[in-house]
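Computed from the coordinates by the stated procedures, all read-outs in this text should not be read as laboratory data. Fair warning: this is a prediction, and the values are worked out from it, not measured in the lab. Quick reminder, even Gly has a Cβ in these numbers, built from the backbone with ideal geometry, and neighbours come from all protein chains shown.
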Amino acid sequence: MARPLRILYAGAFYHVTARGNEKKTIFKHDADYEKFLSYMEAVVERYGAVIHAYCLMDNHYHVVIQTPRANLSEVMKYLNGSYTTYINTKRQRVMGIMGVRS
């Protein structure tokens, strides 16, 4: 079952978490953590988000984020999408038939 939609409004605070598929590792090397942090810096600059706290574990992360522009969807799409593209490129993962990663 999908989670309920988040209520979005200017200035809202959110605790956001995301994890790897099948709880697999998403941060294998120090460079992976550094790249993710660079994407977090970018959401501050591009989207005006305020990151109050974060915790990066090997297979998931937590972020406490404030969105003065009521744009959490755009922030998370950029953050997760950019990092996923980075990891898939680094690990040379490609799309197969029907969008299934191989």
Under 5 Å, built H, 5+ apart or other chain: amide partners of residue 54: 64
Built amide H within the under 5 Å cut-off of residue 18, gap 5+: 61
Crossing angle, helix 30-47 versus the chain [Cα axis fit, 0-90 degrees, rounded to tens]: 40 degrees
Proxy reagent accessibility, fewest Cβ within 10 Å first, across 94, 63, 44, 75: 94, 44, 63, 75
Residue-wise HN-Hα coupling along the range 63-74, computed from phi with Karplus coefficients 6.51, -1.76, 1.60 (Hz; x: Gly, Pro): 9, 9, 10, 10, 10, x, 9, 6, 10, 4, 4, 5
73, 82 arranged by Cβ crowding within 10 Å, fewest neighbours leading: 73, 82
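For a footprinting-style exposure proxy, rank 46, 91 by other Cβ within 10 Å, fewest first. Spell out each step's value before the answer.
Values: 46 13, 91 10.
Ordered from fewest to most neighbouring Cβ atoms within 10 Å, 46, 91 come out as 91, 46.
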Residue-wise HN-Hα coupling along the range 77-82, computed from phi with Karplus coefficients 6.51, -1.76, 1.60 (Hz; x: Gly, Pro): 4, 5, 4, 5, x, 5
